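A short reminder: the numbers here are calculations on the coordinates, not readings from a lab. The model shown is predicted, which means the values in this text are computed figures rather than measured ones. So basically every Cβ, Gly included, is an ideal-geometry build from the backbone, and we count neighbours across all protein chains shown.
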Amino acid sequence: MEQIMRNFFLFLSNNKTLTKVAKKYGFRFGASRFVAGVNIQEAAQKIKALNEKGFVVTVDHLGEFIDSESEAKQSAEECVKAIEVIAKEGLQSELSLKLTSLGLDISHELVMDNMHKILQAGKENDVIVTIDMEDYARLEKTLHIFTSLKQEYDNVGTVLQAYLYRVEEDLEALNPYNPYLRLVKGAYKESEKVAFPNKSDVDKNYKKIIKQNLLNGNYTAVATHDDEIITYTKELEQTYQISKEQFEFQMLYGIRLELQKQLLKEGYKVRVYMPYGDDWFGYNMRRLAERPANVAFVLKGIFKK
Ligand code: FDA
């Protein structure tokens, strides 16, 4: 049953019509449980509050299925604005983005032009920018864009997904770039041809790449809510005397708050991934796919208004 629910929510997350209707209809259906606000000013208040408690943040302007050049440019302007607000208000926050929201599916020139503007603003304001990893169809392009930008900008990072069979090779191929990598299990519905279908295999592979990246000496963001993976990372820290400066835990805004606080108390760096914007539908559907139990929060949101 859980698998059916998962597939259902992943199917919804990919539905362009529903995404557009939801955007028009407004900030509903429990969106505020996982999304910090509709604009950067609202998000900035939430970042400030988290910073005061000791958390750091990466803020993400939500945007999916961009199909015009003007929307992609608007999305890039929003990213630059977010960087400027982070700098102006002295917030401890990085920026995360998706290349599809900047025109990846429209043209290479467009997405590169947008990335240059964003990374230049990040460089001038000391803000790191992480390129989220999307579905497998866009992996090659995303890695190619990351490696070419990394030669010009120090403030760019990206994400690798443990559910992919090829992830170890990608990790090694990126090693010479001394990358800032966020490691995740992977959130998209992928074919068995490219990704492990079983959770236990994904978990095993996830542990492998965390160890590999830490022992390569690269900064590692372990982005998970999974106790077992967190415990494993702490064990690696002990066994290999890895400095707490070399890694951080990342979790999504609104998820496992007690665990986030506990890690902070134990002296770990904890970064909260904070989405904002009116394009919240696909993001929320992926969170529901991860944990159908979250439907309860969403239903509460509908009735709260
Ligand atoms: P898993 O799903 O196995 O869950 C382990 C336990 O965590 C569960 O038993 C439950 O207790 C808790 N949990 C997990 N999800 C929860 C939820 N939604 N609500 C409440 N509890 C929950 N993916 C991707 O493909 N590209 C990307 O760029 C990113 N970026 C990213 C950034 C950050 C900061 C995070 C935390 C995650 C991502 N992801 C991602 C998503 C990632 O790939 C993955 O889908 C989710 O993190 C869920 O997997 P977990 O590792 O949390 O474990």
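Structure summary
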quantity: Too-long pairs where the Cα-Cα distance tops 29 Å, listed order kept, from K53/K244; K98/K193; K53/K81; K73/K261; K88/K150; K208/K261; calculated: K73/K261
quantity: Between region 144-171 and region 48-79, the alpha-carbon center distance in angstrom; calculated: 20 Å
quantity: Ranked K199, K211, criterion: other C-beta atoms within 10 Å, fewest first; calculated: K199, K211
quantity: Cβ-based exposure ranking for D105, D203, in which fewest neighbours within 10 Å come first; calculated: D105, D203
